[in-house]
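In what follows, a single structure is set out as structure tokens and then discussed.
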Number of protein chains: 2
Amino acid sequence: MPSAINVLDLLARGRELVDPQLRHALERLDEHTRLVATYHFGWCDEHGRPTGANSGKAIRPGLTLLVAEAVCGSPEPAVPGGVAVELIHNFSLIHDDLMDRDTQRRHRRTVWAIWGDAMAVLVGDALACLADEVLAECNSPYAVHAGHALAVATRELIRGQVLDVAFERRDSVSLPECVDMAAGKTSSLLGASAELGAILAGADAATCEAFRTYGWELGLAFQIVDDLLGIWGAPEKTGKPVFSDLRAHKKTLPVVWSLEYGGAHGRELAAWFAETGAPTEDDVRRAAVLVENAGGREWALAEAEERVRKAGKALDAAGIAPANRDQLDRLAQFIAERQL
Amino acid sequence: MPSAINVLDLLARGRELVDPQLRHALERLDEHTRLVATYHFGWCDEHGRPTGANSGKAIRPGLTLLVAEAVCGSPEPAVPGGVAVELIHNFSLIHDDLMDRDTQRRHRRTVWAIWGDAMAVLVGDALACLADEVLAECNSPYAVHAGHALAVATRELIRGQVLDVAFERRDSVSLPECVDMAAGKTSSLLGASAELGAILAGADAATCEAFRTYGWELGLAFQIVDDLLGIWGAPEKTGKPVFSDLRAHKKTLPVVWSLEYGGAHGRELAAWFAETGAPTEDDVRRAAVLVENAGGREWALAEAEERVRKAGKALDAAGIAPANRDQLDRLAQFIAERQL
């Protein structure tokens, strides 16, 4: 069994390489934008007082650095890539919180909730610019290739969010459509995080593609686990009340599977979703039982495992040393099993 | 005297080179995003029906191509730069309209007003990604340099908008602060538009910087003229009622100058701005007279001319052929004199 503690060590090591350059990048921002960005990363409170906190698990840059190490023996050439993917990830969080009107993230108020819509748009935009700058300055012969891969992935990330917005206006969404949206929102950037590690370490095209697929499949596993946590996650770990996605009537992957393949339970769940008005606690608990009885929870757990298996299979083509392979397999398992 | 018709010909020639690649870039977008982006460029109505219209004057890409021609004799190597600056310009327009809650642009409803806040954020973000992609794919040895210059300018553009938002919450803004904001909002991207033409044409660092300064000074002239049009512009040309910036209580450059240096008229104008409640037509007309009597209009006209002179002086260092120099001088004059 993989050890979560070892994976956390690997991620912490990656964060130690990336965080100083990330902070350095934020120093370029004007004072207003810098305060908001520094707050968003968790490094200060809304008045600019340092919190002493770090910037979270930093899975994406960790992935970038582990891949680079697997390719060329050192994470160093990929540090600007790690900084860039973390900046793009946070650009998307700030814009998504605004669009979804979420007022809390990691137990803290979101940027738009404190500073308003305009600053949320602008600070997100500024982080995306910094990502471009950091990559363009990295003095690597692969800077253009890395920048291109990141831009394509960012556009794919945006496409996922566009689908999310479009689906909210529709009565029903098919499972393939829902998977496509999840892939856009999560797989694209995890795929690029792995790909940038390979690109900046000088890997050939086939190897870069293998790592991109690894990250992409991991992204789907990640999103499926996120959806499971959104229903059954422990509040003290997720920072949200139990069943919160059902309370918000969110049609996540386990729900969409249940609606499509869950037979009588699925039809009952569809009727539940068709009800208007705020659901009571009993209503919400009943919906969770319906998803479970329909088989949606079991399907999601199996699908997350299957995506981790596919991620591992993609690595077969990358031809990497056993020790590095072991790290990447552990990271994949960690993502699939986190807090479940 | 420069002929506006010749400058319009120059810009139209540039648009002919840039538009096909711009349309080609938009084809990469998913169908939802593409519809909104194509509408924003004016090429279709909100249901996707082609309008047959072009994408406006396209001053920024025109500038990029004219500079490239001045440096290396051909606009061709700079076409991806022209596409990229036009994409960034439109990214900023879509986000700015949302932040400013403007419902009309070029006599048409704005993106957020039709499709909502989320789509305005996302379509803007997607255009910025396309700009990166187009530059990264341009097969130029100068692609990284061009991408970096554009990212820095975009962040500067964002800084200008951040200042605009911050200043709206303050009682008074000094003239240098107001110039700094205008430089961020307008000079940064016009500077980069000229700079990218030089970079992609293979100019040396000093020449790139000379062209950047040329575009930067032009940007300030452009903004000052915009502010004059916002007060005294003819409604049939600006698409806005006369005195519209005063009606909206906007403290533009001629106003800020008048408040700071306009003596008794300036103090009377300050009292006018301190009044709350919606101003009547007579109130607004009185404010325009106060700006004029304070000397704000005269100062702005002289300042725009001075910026055009400085733009021309920057070109002295670029060492370009007289025919190219003449084109760039005409463009500068056109910007300073447009519709006044």
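The values are calculated or read from the model by the stated rules, or taken from the named source; none is laboratory data. Small disclaimer: the values here were computed from a predicted structure and weren't measured. Glycine gets a Cβ as well: all are built from the backbone with ideal geometry, and neighbour counts include every protein chain shown.
The residues of segment A:22-37 that are away from chain B (no Cβ under 14 Å) and either farther than 29 Å from A:A118 by Cβ or surrounded by fewer than 18 Cβ atoms within 10 Å (Cβ to Cβ) (or both), listed by number, are A:R23, A:H24. Every condition in (1) out of contact with any Phe, Trp or Tyr (no Cβ under 8 Å at 6 or more places or on another chain); (2) over 18 Å from B:V179 (Cα atoms); (3) without any contact (Cβ under 8 Å) to a residue 60 or more places away in the chain is met by B:D245 except one, and the failing one is (2).
Taken together, the residues in segment B:145-191 that are surrounded by fewer than 23 Cβ atoms within 10 Å (Cβ to Cβ), among the β-branched types (V, I, T) and within 24 Å of B:N90 (Cβ to Cβ) amount to 3. Of the listed requirements (1) of a type in the set (V, I, T); (2) out of contact with any Lys or Arg (no Cβ under 6 Å at 6 or more places or on another chain); (3) crowded, with 21+ Cβ neighbours inside 10 Å, B:T51 misses just one: (3). When the residues of segment A:105-135 are filtered to those that are more than 21 Å from B:G160 (Cβ to Cβ) and either polar (S, T, N, Q) or at pLDDT 95 or above (or both), the one that is surrounded by the most Cβ atoms within 10 Å (Cβ to Cβ) is A:L135.
If you go through segment A:293-335 and keep only what is farther than 15 Å from A:D227 by Cβ, surrounded by 15 or more Cβ atoms within 10 Å (Cβ to Cβ) and among the small types (G, A, S), you end up with A:A311, A:G312, A:A314, A:A318, A:A332.
Return yes when A:A120 is assigned to a helix (DSSP H, G or I) and facing chain B (nearest Cβ under 9 Å) and no when it is not. Talk me through it step by step, then tell me what you get.
Working: assigned to a helix (DSSP H, G or I): yes; facing chain B (nearest Cβ under 9 Å): yes.
So A:A120 fits the description; yes.
Specify which of the listed residues (A:D96, A:D125) is within 14 Å of chain B (Cβ to nearest Cβ), under 18 Å from A:E31 (Cα atoms) and acidic (D, E).
Details: A:D96 fails: under 18 Å from A:E31 (Cα atoms).
Checking each option against the conditions leaves just A:D125.
Sort through B:G262, B:G219 and tell me the only one that's among the small types (G, A, S) and closer than 30 Å to B:V152 by Cα. I'd like the intermediate steps shown before the answer.
Working: B:G262 fails: closer than 30 Å to B:V152 by Cα.
Unique residue meeting the criteria: B:G219.
Checked against (1) more than 10 Å from chain B (Cβ to nearest Cβ); (2) more than 22 Å from A:V18 (Cα to Cα); (3) of a type in the set (V, I, T), A:I158 passes all but condition (1).
Applying the selection to segment A:46-92, what residues are among the acidic types (D, E) and more than 16 Å from A:G191 (Cβ to Cβ)? Step through it out loud before you land on a result.
Here is the first cut: in segment A:46-92, the ones among the acidic types (D, E) are A:46, A:69, A:76, A:86.
Passing the criteria: A:E46, A:E69, A:E76.
Looking at A:A332, A:A302, A:A274 in this structure, which one is more than 24 Å from A:S188 (Cα to Cα), among the aliphatic types (A, V, I, L, M) and out of contact with any Lys or Arg (no Cβ under 8 Å at 6 or more places or on another chain)?
Numbers: A:A332 fails: more than 24 Å from A:S188 (Cα to Cα); A:A302 fails: more than 24 Å from A:S188 (Cα to Cα).
After applying the criteria, what remains is A:A274.
Sub-8 Å Cβ pairs linking a first residue in segment B:183-199 that is in contact (Cβ under 8 Å) with a residue 60 or more places away in the chain and of a type in the set (D, E) to a second residue that is buried (at least 24 other Cβ atoms within 10 Å of the Cβ) and not in a helix (DSSP H, G or I), at least 6 apart or interchain, number zero. Restricting attention to segment B:278-311, the residues that are within 18 Å of B:D245 (Cβ to Cβ) and either among the small types (G, A, S) or without any contact (Cβ under 8 Å) to a residue 60 or more places away in the chain (or both) add up to 22.
Answer with yes or no whether A:E46 is more than 22 Å from B:C129 (Cβ to Cβ), acidic (D, E), within 14 Å of chain B (Cβ to nearest Cβ) and surrounded by fewer than 24 Cβ atoms within 10 Å (Cβ to Cβ). Here the answer is no, as A:E46 does not meet what is asked.
Please give the number of the condition B:D102 fails out of (1) surrounded by fewer than 21 Cβ atoms within 10 Å (Cβ to Cβ); (2) part of a helix (DSSP H, G or I); (3) more than 10 Å from chain A (Cβ to nearest Cβ). All conditions pass for B:D102, except number (2). In a helix (DSSP H, G or I), crowded, with 22+ Cβ neighbours inside 10 Å, in contact with a Lys or Arg (Cβ under 9 Å, 6 or more places away or on another chain) and more than 14 Å from chain A (Cβ to nearest Cβ), is that true of B:E69? Judged against the criteria, B:E69 is not a match.
Taken over segment B:230-245, the criterion of being surrounded by fewer than 20 Cβ atoms within 10 Å (Cβ to Cβ) and aliphatic (A, V, I, L, M) is satisfied by B:A234, B:V242. For the residues B:S193, B:S172, the requirement of being more than 9 Å from chain A (Cβ to nearest Cβ) and not in a loop (DSSP other than H, G, I, E, B) singles out B:S193.
Anything in segment A:131-151 that is within 7 Å of another protein chain (Cβ to nearest Cβ) and either closer than 28 Å to A:Y39 by Cα or of a type in the set (S, T, Y) (or both)? List them, or say none. Give the steps one after another, and end with the answer.
Quick first cut of segment A:131-151, residues within 7 Å of another protein chain (Cβ to nearest Cβ) only: A:132-133, A:136-137, A:143-144, A:147-148, A:151.
Correct list: A:D132, A:E133, A:A136, A:E137, A:G147, A:A151.
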